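The structure appears right after this line, and notes come after that.
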Amino acid sequence: VAPFGQVSELAEQLEERLFHLYGFHNELIRERLQALAEVMERVEAARAELRHVCCTVEAAYRDLCL
């Protein structure tokens, strides 16, 4: 059985590793959420542009039918 000091030291090392891993994964998640937000902005812009094109085509078609 390891003395208390070794157990305490191992617990500290484990805590440091877990803290490092948590920070690393937290940063990855933050970066991916930022990328997702940028993609969603582009999707919304494309959606608005498509809506505008549809309205223009609809108006042109209406003019041709009249």
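Summary of values
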| read-out | value |
| --- | --- |
| Cα coordinate range in the chain, projected on the principal axes (Å, largest first) | 93, 16, 6 |
| Check: the chain dipole with +1 on Lys, Arg Cβ and -1 on Asp, Glu Cβ, in debye | 380 |
| Nearest-ten-degree value, helix 4-65 long axis tilted from longest Cα axis of the chain | 0 |
| Sulfur and carbon atoms: percent of accessible area, the chain [1.4 Å] | 65 |
| Helix-only mean residue ellipticity at 222 nm for the chain, each DSSP H run of n ≥ 4 adding -39500 (n - 2.57), per residue, nearest 500 | -35500 deg cm²/dmol |
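The values are calculated or read from the model by the stated rules, or taken from the named source; none is laboratory data. Predicted model only: the values in this text are computed from it and were never measured. No Cβ is skipped: glycine too gets one built from the backbone with ideal geometry, and neighbour counts run over all protein chains shown. Each accessible area value is taken on the protein alone, full model and side chains, heavy atoms only, with ligands, DNA and RNA left out. Shrake-Rupley method; radii C 1.70, N 1.55, O 1.52, S 1.80 Å.
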